[in-house]
Amino acid sequence: MTDAKYIGKDLIHPRIWEKARGEALFAADLAPADCLVLKALRAGRHHAEIVSIDCAAAEKLPGVVRVFTAADIPGRNAMGIINKDHPVLAVGKVRSWGDAVALVAAETEEAAQAALRAIKVEWKELPAILDPREALAEGAAKIHAEGNLLYKRVVKRGDVDAAFAQAHHVVEKSYKTPFIEHCYMEPDAGFGYMSDDGVITIEVCTQNPHYDLGDVSAMMGLPEEKIRVIQAVTGGGFGGKLDISVQGYIALAVHHLKRPVRYFYNKEEAFLATCKRHPMWIDIKTAVDKDGKLLATKCRIIEDGGAYGSYGIAVATRAAVHATGPYDVPNTDIEALEVYTNNTFTGAMRGFGTPQIAFAYESQMDLHAQALGLDPVEIRFRNALRPGAILATGQQVEHSLGLPDCLEAVRPYYNEAVAKWAKETPSSPSRRRGVGVGAMWYGVGNTAAQNPSTAQIAIDTEGAVTVFTGCADIGQGSSLVLLQMAGEILGIHPDKLKLVSADTKFTTNAGASSASRQTYISGNAVCIATASMADMLLTRAVDRLKVAKDDLELHDFTVRQKSKPEHSISFAKLAQNLHHLGLPLTFSGFFDPVTTPLTPEDGQGVPYATYAFACQMAQVEVDVLTGEVDVKKVVAAHDVGRAISPINLAGQIAGGVAIGQGYALLEEFEMGTTESLKDYHLATTTDMPEVVPILVEAHEPSGPFGAKGIGEPSLIPTAPAIVNAIDMALGQRIYALPASLERVLEASKAAGHFDKFGG
Amino acid sequence: MSEITITLTLNGESREGRALPAQTAVSFLRDVMGQKSVKEGCGIGECGACTIIFNGKAVNSCLMPAAQLNGAVVETTEGLEKNGQPHPLQEAFVKHNAIQCGYCSPGFMMNAKALLDHSPSPSREEVTKALAGNICRCTGYQQIVDAVMDASEVMRKGAAS
């Protein structure tokens, strides 16, 4: 489609102006000042039995309305996106510092705090296991009754031992990655009330209101019709607002007290009580032939799942499936273990295990390239997935394989940076320059699981058109993208379409705003619904205009004759006609990408219908005396299938690079150490490089207008590119993230640079 | 605890409200003055989401006692639009897609306005430095700095014409 009107154009997001005016209402802005305040008593210990809880003194304090414990939960006291192992309020024991033990409802914040202090809990401490390798040891204390290994995923194909035996070059290394906190700017917040029709209504920041609805209704033992979840304007998520945070507490209090309540986490509670990105210990062995062609990948991944499962099972599978990198590797033996510990639970965080594994496989690629004297772009180009390739899962891929194009897009920048920029004098004598690349692939949508989205589009008898989607726009821009697609099909500027989104009363399930899936999956659902409405309008217009359908087109709320545009009929008249005839005014669409489950023994199957690809290049200056890494420029080439909103894609890429850079250099969550923004360091304006986004369009046949996804791909190659650039600058590789001042300085010393400066 | 009366000039209007002695400026502005654009992010002065313009300077309102607002001239994002006309910063933030989730945006715009009010022709480096106290987790900052540069140009042209 070359003559697109709205696809590929830089349009304005439908809600950006209310944000620019400061009028966008987040959950904390919606709650009335006089509603009750909720606060949870957190465990404050890693692992302990609850001998007793005494709330009597707390409940007698002035301003305290009620203290709830697990006994007050009418339904299932368990949440968790995949496995339901996470009590809303603790029963019998706590497994991590942030576990909620009791919930206070009070008239004021101060009264709630006083009540928390007055609750008496008698504890019996249990041994804390904070390292998943210890949790796996024989005789380790059991964190959950079923044991500490939550899940094991194997992906196996070919014969790795034979391949290693014949290989020209083998590299075997270990990599380590840290806990990462999402640090969305809006701390989790929600408020709730009983509506006049007896429905518990929760307005909350969330990435998936329909998931919230299911878990809350099970928890309350109420049918879904008795709960309504409305996504408030949501201040970022990055995977951290997929799990339930305040929703269950709000429902519990509204149910018992029949009064409006609010629960706003402060930043520290958001750090303590929400999931983190998994730390991983990755042992990986890869082999290439004399031309640098990959022969085998053997990989063992241990993932710190923390105290609860959340998305952990999917993270293990996704990490295992992606462990080859975006390359054709004929022999694979990959195992990922998801392990319970007493750490803060881990789950989804922009990448679902792929940022971790990309750090490992992209470091390996550079090690092979260096050993063979190959250019790092070239070794990736030689191995890049091409049509007909068979993945480690046995899936044969044919379409939309844009890595070679991404590499070609980056290659001139890389060559120029190496030939010129890296040879120029750095900005200070103690600095050394390096250039690195990182590539990635990312399966769009949930892993080896069906994950449908649904949507509706409706026309009223005045001709107004409304798109209904359950899709939560958390700032990534899905609302704009979905309206662009509907507008393109209807010939209507997206600004003139109405949108109702992410309210379980008025919209149906679109699945999570996660796994970079909404453009592809909900986009398809919206396109299918819109196409059936367009077809109905065209069909009715045939009758009314006495013109054959193939000579008709949709244009700005009319259907008109292509060859005689003044011969037209308005949407309003057509809709009135539809109504009169008893024909539908609302049209539905659903889309569910084709996947198959993976076999348990060797992980064979079709985990994703399509994959996104990318390559980024980073130019860095490393100060050999301080360990400081200054990222000067990042060139980011991303295969998005089809660019629906280039300006939005550029925004996702620049934002992804920032989070990727934080992962590379700055960020690490440590219980007890980095529990607020004082100690958990984020990049600010002065840290950021120039980011050059490049959009590559390898058309995806099953995608809406050929589109795939961008959310997570944008950050995955950044840390590998930066680490590879540091290696070029120092001649010394970093094997554990973040490449902090201490680690880089250590590398500088090991390479002899520090001593050269008499440091 | 006895309440105190606070009189201030808020977005050009004289306003009065009652605050508790321990109340922070961010809480008073949001809950008493209805300035919901002023966001509480970290509560410890690290993220800049609560930035307001206080007597011409950008400050974190989460660290400031409400009592300090007494007699002050305060600006918030609610006051940016004048006579139905958006401020050039608002126009530029929209045009450059410098807003994703939008939670940090009011704070960034206040900080940027304080800068441009005093320094109408900042270099890109000056803008970058001036905004270093505000955190955005969505955009990577590039579009925000672009937007402020663009707004400064528009404002200069507007002042010259």
Subject >> 10 Å binning of all Cα-Cα separations within segment A:616-759, expressed as whole percents from 0 upward >> reply: 12, 36, 29, 16, 6, 1
Original post:
Once you charge only the Cβ atoms, +1 for Lys and Arg and -1 for Asp and Glu, what is the size of the charge dipole of segment B:4-78 about its Cα centre, to the nearest 20 debye?
Top reply: 60 debye
Subject >> Nonlocal amide H pairs with A:L150, under 5 Å, H built at 1.01 Å >> reply: A:E338, A:V339, A:Y340
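Can you give the Rg to Rh ratio of chain B, both from alpha-carbon atoms, with Rh computed by the Kirkwood formula?
On the way: Rg = 15.6 Å, Rh = 15.9 Å.
Result: Rg/Rh = 0.98.
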**OP:** Provide the per-residue ³J(HN,Hα) series for segment A:220-232, in order, calculated from phi with Karplus coefficients 6.51, -1.76, 1.60 and θ = phi - 60°, each as a whole number of Hz, with x at glycine and proline positions.
**Re:** 8, x, 10, x, 4, 5, 8, 10, 10, 10, 10, 6, 6
Original post:
What ³J(HN,Hα) values, in whole Hz, does the Karplus curve 6.51 cos²θ - 1.76 cosθ + 1.60 give for segment A:201-218 when θ = phi - 60°, with x put for Gly and Pro?
Top reply: 10, 10, 9, 8, 6, 6, 9, 6, x, 6, 5, 3, 4, x, 5, 5, 5, 5
Original post:
Are any of the pairs A:K258/B:K36; A:K420/A:K633; A:K142/A:K298 more than 19 Å apart by Cα-Cα distance, and if so, which?
Top reply: A:K258/B:K36; A:K142/A:K298
Subject >> Size descriptor, Kirkwood hydrodynamic radius, that averages inverse alpha-carbon separations across segment A:315-447, Å >> reply: 16.9 Å
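Taking N as the number of residues in chain A, what is its Cα Rg relative to 2.2 N^0.38 Å? Mind dumping the intermediate values first?
Numbers: Rg = 27.0 Å, N = 759, 2.2 N^0.38 = 27.3 Å.
Working it through for chain A, the quotient is 0.99.
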**OP:** Evaluate E = 1/(1 + (r/R0)^6) for A:K423 and A:A4, where r is the Cβ-Cβ distance and R0 equals 56 Å; express this FRET efficiency to the nearest 0.05.
**Re:** 0.80
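Run the dipole for the protein assembly as shown about the Cα centre, Lys and Arg Cβ at +1, Asp and Glu Cβ at -1, nothing else charged, and hand back the magnitude in debye, nearest 20.
Numbers: 85 positive and 106 negative charges, 113 e Å.
Value, rounded to 20: 540 debye.
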Subject >> Label-point gap, in nm, between B:N83 and A:H493 - each point 7 angstrom along Cα→Cβ >> reply: 2.5 nm
Original post:
Once the other residues with Cβ under 9 Å from the Cβ of A:K39 are scored (Lys, Arg +1; Asp, Glu -1), what is the net sum?
Top reply: -2
Original post:
Label-point separation (nm) for A:R259 and A:I12, each offset 7 Å from Cα along Cα-to-Cβ?
Top reply: 4.3 nm
Original post:
By how many degrees, 0 to 90 and rounded to 10, does the Cα axis of helix B:105-118 deviate from the longest principal axis of chain B?
Top reply: 80 degrees
Original post:
Along the positive direction of the dipole of segment A:440-539 (beta-carbon charges: Lys, Arg +1; Asp, Glu -1; about the Cα centre), which of A:A515, A:A472, A:A455 reaches farthest?
Top reply: A:A515
**OP:** Please report the Cα spread of segment B:88-160 along all three principal axes, rounded to whole Å, starting with the longest.
**Re:** 35, 22, 17
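By average Cβ neighbour count within 10 Å, what is the ranking of A:748-755, B:11-18 from highest down?
The packing order, highest mean first, is A:748-755, B:11-18.
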Original post:
Convex hull over the Cα atoms of segment A:395-460, averaged projected area in nm²?
Top reply: 10.3 nm²
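If you place +1 on the Cβ of every Lys and Arg, -1 on the Cβ of every Asp and Glu, and leave all else neutral, what size is the dipole of segment A:26-70 about its Cα centre, to the nearest 20 Debye? If you can, show how the numbers build up before the last one.
Details: 5 positive and 5 negative charges, 24 e Å.
Charge dipole, segment A:26-70, about its Cα centre: 120 debye, nearest 20.
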Original post:
Just how far, in whole angstrom, is segment A:430-491 from segment A:150-209 if you go by their alpha carbon centroids?
Top reply: 19 Å
Subject >> For segment B:78-121: span of alpha carbons on each principal axis (Å, largest first) >> reply: 28, 22, 18
Original post:
When the distances between all Cα atoms of segment A:132-203 are binned every 5 Å from zero, what whole-number percent does each bin get?
Top reply: 3, 8, 9, 8, 10, 11, 13, 12, 8, 6, 4, 3, 3, 2, 0
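Averaged across the residues of A:678-685, what count of C-beta atoms belonging to other chains lies within 10 Å of each residue's C-beta?
What the average comes to for A:678-685 is 6.
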**OP:** Taking 7 Å along the Cα-to-C-beta vector as the label spot, tell me the A:E122-A:K176 distance in nanometres, rounded to one decimal.
**Re:** 4.1 nm
**OP:** Would you list, by chain and number, the lysines whose Cα falls below 18 Å from the Cα of A:K564, excluding same-chain residues fewer than 8 positions away?
**Re:** A:K546, A:K549
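Given a cut-off of 21 Å, what percent of all Cα-Cα pairs of segment A:135-268 lie beyond it? Working shown, then result.
Working: 5394 of 8911 pairs.
The calculated P(r) of segment A:135-268 puts 61 percent of pairs beyond 21 Å.
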**OP:** Provide, as a two-decimal number, the C-alpha radius of gyration of segment B:4-78 over 2.2 N^0.38 Å, N being how many residues it has.
**Re:** 0.95
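Provide the FRET efficiency to the nearest 0.05 for the A:E59-A:M194 pair, computing r from the beta carbons and using R0 = 30 Å.
Values: r = 22 Å, r/R0 = 0.73.
Calculated value: 0.85.
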Original post:
At what distance in angstrom do the alpha carbon centres of segment A:688-758 and segment A:580-625 lie from each other?
Top reply: 23 Å
**OP:** Would you mind calculating the relative contact order of chain A from Cα pairs under 8 angstrom and at least 6 residues apart, reporting the percent as a whole number?
**Re:** 15 percent
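Beta carbons within 10 angstrom, averaged per residue: use that to sort the peptides A:351-357, A:369-375, A:93-99, B:125-131, highest first. Can you show the working numbers first?
On the way: A:351-357: 29.6, A:369-375: 15.9, A:93-99: 24.3, B:125-131: 18.7.
Highest to lowest by the protection proxy: A:351-357, A:93-99, B:125-131, A:369-375.
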Subject >> Length-normalised contact order for segment B:88-160 - Cα pairs under 8 Å, 6+ apart - percent >> reply: 50 percent
**OP:** Would you be so kind as to identify which of A:Y413, A:T674, A:F68 lies farthest towards the positive end of the dipole of the protein assembly as shown, taking Lys and Arg as +1 and Asp and Glu as -1 on Cβ and the Cα centre as origin?
**Re:** A:Y413
Original post:
Which value in Å does the Kirkwood hydrodynamic radius of segment A:9-91 take, with 1/r averaged over all unlike C-alpha pairs and then inverted?
Top reply: 17.4 Å
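Values in this text are rule-based calculations from the coordinates and carry no lab data. Keep in mind it's a predicted model, so treat the numbers as computed, not measured. Positions of Cβ are generated from backbone atoms using ideal geometry, with glycine treated the same way; all protein chains shown enter the neighbour counts.
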